[in-house]
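These notes are about the structure you will find just below.
The values are calculated or read from the model by the stated rules, or taken from the named source; none is laboratory data. Predicted model only: the values in this text are computed from it and were never measured. A quick note on method: Cβ atoms are made from the backbone with ideal geometry, for glycine too, and the neighbour counts reach across all protein chains shown. Each accessible area value is taken on the protein alone, full model and side chains, heavy atoms only, with ligands, DNA and RNA left out. Shrake-Rupley method; radii C 1.70, N 1.55, O 1.52, S 1.80 Å.
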Amino acid sequence: MPKIAFIGAGSTVFAKNLLGDILSFPELSGSTISLHDIDAERLRTSEVVAHRVAASSAARPTIEATTDRRRALDGADHVITMFQIGGYKPSTVVDFEIPKKYGLRQTIADTLGIGGIMRGLRTIPVLLDLCRDMEALCPDAWLLNYVNPMAMLCWAAGRATSIKSVGLCHSVQGTAEQLARDIGVPIGDINYLCAGINHMAFYLRFERRTADGVEDLYPLIRRVVEEGRVPAWNRVRYDVFTRLGYFVTESSEHLSEYVPWFIKRDRPDLIERYNIPLDEYITRCENQIAAWEMTRQVLEDENVALPVERTHEYGSYIIHSLETGTPRVVYGNVPNKGLIDNLPEGACVEVPCLVDRNGVQPTYVGPLPPQLAALMQTNINVQALTVEAALTGRRAHVYHAAMLDPHTAAELDLDQIYALVDDLIAAHGDWLPPLS
C-alpha cells in the first residue's frame, strides 16, 4: 500500500474530502496517510477527522500526524499540497488593503493581479523547498499540487526541480457541471475537450452523442443568453463567451480580475451590471474563520454523523491509476512541451492527461483559436515574470509583472505601479524571498 503525504493538512475540510475519495478505493484503503501542518491544533483536528473518515469508509489506513515535514515526506509515494503561505492574516489582508489605497480593487487575488503576484512570490520558495526535500526523501513520488497561484507554482517547480508533478484544479469539471445544469443536459451525457492555462482554459468542444451522431451543445449555451437565463453570479463569463465564442472554465469573480474590462474604480455601473463581488475572498475567509470553532466541534464530535461523499477532485483518481494501472483521463497543469502550439514552450498549460502506471501523460491539443491564445498570453506574461522574479531574486521583474498585469495596468500609471509594489514588498517583509 502506498504512503500518501498531505502537506497543509490543517485545511481540514479539504483534507477530509480528499481522504474520503482516496479511501473509497479498496486498493487504497490500507494506505499510510501522513498528515502534516505547521499549526499543531488544526493538525490535531485533521487527525481526528481522518480517523472518523476511515471508520465511515470501512477502511483501515495507517494514519500519522506530524509537524515535521521531512518525516511526512520520508518514503512517500504521493505528496498532496494544500497550504497557504502567510494565511489570511497578515498576507491576504495585505494583498487586498494596500492596493485599495491606490484605487485597485480585487475579488479573489490568488491567481493573477497584484495579489496573485505577491502570493506567488511568497509561495514559490516554500514549494521549491518542499521539492528539494522530496528529491532527498522520496525522489520517485508524484507531487499533486492544489496550491494557488497554480500556473506560477507548477512553472517554477518544473524549471527548478526534478520532481514529477501535476497541478490540480476543479474548474474544468466544475464548470462543465454548471453548464450542464444551465442547458438541461445530464453531465454524464456530455463530452468535452478543454485546454488553455489554469483558470483560463476554454471548452474547445462541448457536445453529446445522439442516435444521429454528435450534437454540438454550444447552441444550447447561446440560448441561455438569448432567453435571458444567465445566472446573476455568472454574467462576466457569459458576456466573454458571447464575444470570444468559447466558454471559460473559471468563475466570473475570478475572470473579472484577469482582464481589464470589468473592474474599474470610476465605473460603479460595471460592478452592478456584472454583479462583481469585490473583496469576495476577504469575506469568504472572515466567514470561515468565524465559523471554524463550530465547524471543528462538529467534525470532531463522535455523536454527529460525518458524511463522506465522493467529490469531483482528480487527486484520488490519479493516485488510484498510478497504483493500479487503471487508465483515466483527467485535466492537469503541466509544462507546455509541444502540447499547445500557439502558447509559449515551457509555460504551464492545462490539458487532458492520460493517467496509468506510466504516470501522468499530457496529450497534444494543437493550436488554440487565436483570440483565446492571445488572451491567455496576457496572463502568461505575468506568470513568467513572477516566476523569474522568484527564481532570480530580481526585484525589477516584480515591477515588470505588475506593469503587464491586465487589471493593474488598466487602473494605475507606472509611478503608481512602482509605488504599490514597493509598499507590498515592505508590508510582506520576510514572507517574501530576498529581492534586489
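Among the listed pairs K16/K89; K16/K100; K264/K337, those whose Cα-Cα separation exceeds 26 Å are K16/K100; K264/K337. A straight chain from A58 to T295 at 0.36 nm per residue would run longer than the Cα-Cα distance by 83.0 nm.
Its residue count N fixes a reference of 2.2 N^0.38 Å for the range 53-164, and the Cα radius of gyration divided by that reference is 1.28. Multiplying the residue separation of R395 and V225 by 0.36 nm and subtracting their alpha-carbon distance yields 56.7 nm.
Excluding ligands, DNA and RNA, the accessible surface per residue across the range 1-155 is 32 Å² with a 1.4 Å probe. Per the Debye calculation on the range 277-331 with a single equal scatterer at every Cα and no solvent contribution, log₁₀ I(q)/I(0) for q = 0.24 Å⁻¹ amounts to -0.89.
All alpha carbon pair distances within the range 372-412 were sorted into 5 Å bins beginning at 0; the resulting P(r) in whole percents reads 5, 28, 29, 20, 13, 4, 0. May I ask you to derive the FRET efficiency for T67 and T324 from their Cβ-Cβ distance with R0 = 35 Å, giving the value to the nearest 0.05? My answer for the efficiency is 0.65. Normalising by residue count, the range 347-436 has a Cα convex hull of 132 Å³ per residue. Checking every one of the chymotrypsin sites (Phe, Trp or Tyr not before Pro) in the range 330-436 against DSSP loop status and a limit of 12 other Cβ atoms within 10 Å picks out Y364. The residues neighbouring P186, those whose beta-carbon lies less than 14 Å from its own, together hold a net charge of -2 under the Lys/Arg +1, Asp/Glu -1 convention.
Once the convex hull of all Cα atoms in the chain is built, its volume per residue stands at 149 Å³. On full extension, the segment bounded by D423 and E135 gains 100.1 nm, given 0.36 nm per residue less the C-alpha separation.
Each listed q (0.25 Å⁻¹) maps to a log10 I(q)/I(0) for the range 57-112 from the Debye sum over equal C-alpha point scatterers, namely -1.07. From most to least packed by mean Cβ count within 10 Å, the peptides 106-117, 350-361 give 106-117, 350-361. Here the spin labels are modelled as points 7 Å beyond Cα on the Cα-Cβ line, and at N358 and N303 they lie 5.6 nm apart.
To put it simply, the accessible area of the chain at a 1.4 Å probe is 50 percent carbon and sulfur. Structural size metrics of the range 227-383, computed from C-alpha coordinates, are Rg and Dmax of 20.3, 57 Å. Per the Debye calculation on the range 158-275 with a single equal scatterer at every Cα and no solvent contribution, log₁₀ I(q)/I(0) for q = 0.19 Å⁻¹ amounts to -1.04.
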